[in-house]
Amino acid sequence: MNTTVSSLGIVAGLGLLPQIFVDEVKNTDFYIVGFKKYVSKKLIKQAKKYCLLNTWDLEEIINFFVQNDIKNILFLGYVPHKILLYKNIPMAEGTKMFFNKLLKNSAMEIFYALETEFAEQGISIEPIDKYLRQSFAEHGEINNLKL
């Protein structure tokens with residue numbers, strides 16, 4: 001681990017990346033938020049505290065991190081940005097209004113809007129290579145798994 005922090009927040013999606021990250025980064029308490037059906041039980045067991053969502057609720061996610069004094073978070077795992085716009089995904093009204101403004105935007109534009117929303121609450125979305133510089137990024141692998 002390149003940067004030492006005592007706690008990190010993770011917004012977890014599908015796939016191996018959230019689990020590999022938690023396995024690799026030592027001496028850190030993890031506060032994990034994710035949509036209930038996307039987050040593995042193994043990952044939850046490694047969290048100091050977690051919040052499993054039944055509905056997409058941006059305010060609930062931000063409040064979870066604020067209440068636990070988490071200043072740095074990572075978005076790890078796969079959540080297709082278009083899923084946020086599906087009619088059959090339960091979504092809090094405020095979150096729906098936030099994403100409705102972004103309907104025609106790209107994934108990166110949605111990310112930047114989220115980054116701004118979190119920053120207004122004193123929360124920074126961090127890049128993964130800040131914490132896994134030795135096992136990620138320049139080698140195209142994590143934990144000896146080729147990407």
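A count restricted to segment 22-52 and to residues that are among the basic types (Lys, Arg) and either in contact with a Gly (Cβ under 6 Å, 6 or more places away or on another chain) or in contact (Cβ under 8 Å) with a residue 40 or more places away in the chain (or both) stands at 1. In segment 106-138, of all residues being farther than 11 Å from residue 62 by Cα and either aliphatic (A, V, I, L, M) or touching a Pro at 6+ places or on another chain (Cβ under 9 Å) (or both), the one that is modelled with the highest pLDDT corresponds to 125. Just to be sure, is residue 55 within 22 Å of residue 122 (Cβ to Cβ) and at pLDDT below 95? Spelling it out, it is not the case that residue 55 is within 22 Å of residue 122 (Cβ to Cβ) and at pLDDT below 95.
It is to be established whether one or more residues within segment 71-93 are exposed (fewer than 13 other Cβ atoms within 10 Å of the Cβ), at pLDDT below 85, hydrophobic (A, V, I, L, M, F, W, C) and more than 14 Å from residue 10 (Cα to Cα). For segment 71-93, residues exposed (fewer than 13 other Cβ atoms within 10 Å of the Cβ), at pLDDT below 85, hydrophobic (A, V, I, L, M, F, W, C) and more than 14 Å from residue 10 (Cα to Cα): present.
The residues of segment 7-65 that are under 12 Å from the mean Cα position of the chain (by Cα), closer than 20 Å to residue 115 by Cα and not hydrophobic (A, V, I, L, M, F, W, C), listed by number, are 9, 13, 18, 31, 34.
Residues in segment 1-57 that are of a type in the set (Lys, Arg) and outside any helix (DSSP H, G or I) were compared, and the one that is surrounded by the most Cβ atoms within 10 Å (Cβ to Cβ) is 49. Once segment 29-50 is narrowed to residues that are modelled with pLDDT of 95 or more and hydroxyl-bearing (Ser, Thr, Tyr), the residue that is nearest to residue 66 (Cα to Cα) is 31.
The values are calculated or read from the model by the stated rules, or taken from the named source; none is laboratory data. Please read these numbers as outputs of a predicted model, since none were measured by experiment. Virtual Cβ from ideal backbone geometry, glycine too; neighbours counted across all protein chains shown.
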